[in-house]
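Enquirer: Got a structure here, written out as structure tokens. Questions coming.
The values are calculated or read from the model by the stated rules, or taken from the named source; none is laboratory data. Note that this is a predicted model, so its numbers are computed, not measured. For neighbour counting, all protein chains shown are included, and Cβ atoms are generated from backbone atoms with ideal geometry for every residue, glycine included. With ligands, DNA and RNA removed, areas are computed over all heavy atoms of the protein, side chains included. Shrake-Rupley method; radii C 1.70, N 1.55, O 1.52, S 1.80 Å.
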Amino acid sequence: MSSSLSPCIKSAIRREAAALGAFRTGFALAEPVDDRAARQYADWLDSGANAGMDWMRRHELLRRDPRLLLPGARTLIVMVFPYRQPDGCHHPHIADYALGRDYHAVLRERLTRLARFIFSRTGAISRACVDTAPLPERYWAVRAGVGFTGLNGQLYVPGAGSGFFIGTLITTLPLAPDEPVENGCLRCGACLRACPGGALSATGLDARRCLSYLTIEHRGPLPDGVRLGNRIYGCDVCARVCPLNAVAPPAPLPEFAPSSEVMALDRRAILEMTTGQYRRLFSHSAIRRAPLSQLRRNASHH
Ligand code: SF4
Ligand code: SF4
């Protein structure tokens, strides 16, 4: 395998990724994250802002070096796939990203096809990562020149907003990295001011106050004083108020079209849902991340 193949195979990989639905694809060297990012993450953990997500601390060392996730790794190929719905109005609130099919399965299938393509052309092996491996995906998306992060912590693709899932292939194929793009966050603070939980600050997200974390990840009773409003699963406020999202989003992958049954759910339907209905309705949905008891907890908590 020679890096002299790089320009040609890079173009071929980009084309293949686009054919698989990637809106943008970038390349980064597989190497440890820089000291600044590692320190910021350690400080963030030390502040307790990861709330009950203990796995974040357990995997801290793994997150620092993608080569630990695939021996012989040389390159990260980072792709973004659009999901954002143009009108996104539904009640009670379920996060835009969870209205269609589970992105883990959808992206994994596409990334696996790209991994096979790379293997067939070069013999290189690859590992697909979709939000479950200990990999700081937004950091690598920035390093690979796919986008930049806003004050709200979201990844933005220049001119296309933040409505994207990130999928990454770690591969043993050596490829030239892409240049990062300029950070286009306006630093207007609209996301910080609008956050209903007061979870955002210049130092980042405090998951203990984030209604997305509390509705999806937090088990057991909600902390005193938390107001969910109409939120059942997630919270899109910091993305919706952002002027960088006042663009026509690219068409979502067909699998992410909202399920009419999910869109039709109301508070009462959730409170009265049986286990069988929950399993059937959410068998291919990211909403399974929250058990039925938790959806009911959210539906009965205003
Ligand atoms: S709302 Fe303003 S500060 Fe927040 S991410 Fe968007 S542009 Fe940046
Ligand atoms: S998801 Fe909602 S609660 Fe969490 S940081 Fe964004 S606006 Fe705040």
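Enquirer: Search the range 154-179 for residues being touching a residue at least 60 places away in the same chain (Cβ under 8 Å), part of a loop (DSSP other than H, G, I, E, B) and within 14 Å of ligand 1 (Cβ to nearest atom), and hand back the single one that is surrounded by the most Cβ atoms within 10 Å (Cβ to Cβ).
Expert: Taking the candidates together, the pick is GLY163.
Enquirer: Just checking, does the range 196-204 include any residue being open to solvent by 30 Å² or more (accessible area, probe 1.4 Å), β-branched (Val, Ile, Thr), touching a residue at least 24 places away in the same chain (Cβ under 8 Å) and within 16 Å of ligand 2 (Cβ to nearest atom)? It would help to see each step written out before you state the result.
Expert: As a first pass, look at the range 196-204 and keep what is open to solvent by 30 Å² or more (accessible area, probe 1.4 Å): 196, 198, 201-203.
Filter once more, so that each one left must be β-branched (Val, Ile, Thr): 203.
After this cut, where a residue has to be touching a residue at least 24 places away in the same chain (Cβ under 8 Å) as well, the list is 203.
Subsequent filtering for residues that are within 16 Å of ligand 2 (Cβ to nearest atom) retains 203.
Yes; the residues of the range 196-204 include at least one that is open to solvent by 30 Å² or more (accessible area, probe 1.4 Å), β-branched (Val, Ile, Thr), touching a residue at least 24 places away in the same chain (Cβ under 8 Å) and within 16 Å of ligand 2 (Cβ to nearest atom).
Enquirer: Any residue that is in contact with a His (Cβ under 8 Å, 6 or more places away or on another chain) and either within 16 Å of ligand 1 (Cβ to nearest atom) or of a type in the set (Gly, Ala, Ser) (or both) - is there at least one of those in the range 128-143?
Expert: For the range 128-143, residues in contact with a His (Cβ under 8 Å, 6 or more places away or on another chain) and either within 16 Å of ligand 1 (Cβ to nearest atom) or of a type in the set (Gly, Ala, Ser) (or both): absent.
Enquirer: Hey, does the range 136-149 have a residue that's within 16 Å of ligand 2 (Cβ to nearest atom) and assigned to a loop (DSSP other than H, G, I, E, B)?
Expert: No, the range 136-149 has no match at all.
Enquirer: Here's a follow-up. When you check ALA42 against the structure, is it in the same structural domain as GLU137 (by TED's automatic domain parsing), in contact with a His (Cβ under 9 Å, 6 or more places away or on another chain) and open to solvent by less than 60 Å² (accessible area, probe 1.4 Å), yes or no?
Expert: no
Enquirer: Name the residues in the range 218-229 that are open to solvent by 50 Å² or more (accessible area, probe 1.4 Å) and in contact (Cβ under 8 Å) with a residue 40 or more places away in the chain, would you?
Expert: If the condition is that a residue be open to solvent by 50 Å² or more (accessible area, probe 1.4 Å) and in contact (Cβ under 8 Å) with a residue 40 or more places away in the chain, then ARG219, PRO221, ARG227 are the ones that fit.
Enquirer: Same structure, new question: What number of residues in the range 230-240 are among the charged types (D, E, K, R) and open to solvent by 40 Å² or more (accessible area, probe 1.4 Å)?
Expert: Of all residues in the range 230-240, those among the charged types (D, E, K, R) come to 231, 236, 240.
Add one more test, that the residue is open to solvent by 40 Å² or more (accessible area, probe 1.4 Å), and what stays is 240.
Looking only at that region, the number is 1.
Enquirer: Suppose the filter is surrounded by fewer than 18 Cβ atoms within 10 Å (Cβ to Cβ), assigned to a helix (DSSP H, G or I) and more than 16 Å from the chain's Cα centre (by Cα); does GLU182 pass it?
Expert: No.
Enquirer: Additional query: From the residues in the range 241-273 that are open to solvent by 70 Å² or more (accessible area, probe 1.4 Å) and part of a loop (DSSP other than H, G, I, E, B), which one is farthest from ARG219 (Cα to Cα)?
Expert: ALA248
Enquirer: Scan the range 179-214 residue by residue and report those that are more than 26 Å from ALA28 (Cβ to Cβ) and polar (S, T, N, Q).
Expert: SER201, SER212
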